[in-house]
Amino acid sequence: MTFKSAVWYPIAIVLSVINLVGAGFAVGQAETSHATIHAVLALAFGLWAQRLRPGGTERPAQLEGLEALEGLEAEVSKLRQELTETQERLDFVERLLARGPETGRVGPER
């Protein structure tokens, strides 16, 4: 059995509307928690219906994939830069440690 958004889209719309009406009735009877549950369900079904909308403003998966790839490339570039800086700092510390302690230090003259 395959998932058909053309079938589920009207179902999601109807469920959203029913929950909106239910929230209205619950508010009328001063049942705030009951009304809140209906409002949240109406929002969830509405968002689901928007996602299922046929021929809507969905972006092609290729564009989303390209944007994700560009984001990953930028992140990898930033990580490379940070790694280079870290390696330079490590080299600096290794050079300082290789020199050893300075034994010829003299205190300030007075």
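The values are calculated or read from the model by the stated rules, or taken from the named source; none is laboratory data. All values reported here derive from a predicted model rather than from experimental measurement. We place every Cβ from the backbone using ideal geometry, glycine too, and count neighbours over all the protein chains shown.
So here's what we get for this one:
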quantity	calculated
First in segment 1-14 and in contact (Cβ under 8 Å) with a residue 40 or more places away in the chain, second anywhere and basic (Lys, Arg) and outside any helix (DSSP H, G or I), Cβ under 7 Å, 6 or more apart	Tyr9/Arg53
Extreme residue, modelled with the highest pLDDT, among residues of segment 41-93 that are within 30 Å of Pro10 (Cα to Cα) and among the acidic types (Asp, Glu)	Glu64
Per-region count, segment 1-31, residues in a helix (DSSP H, G or I), polar (S, T, N, Q) and at pLDDT 85 or above	2
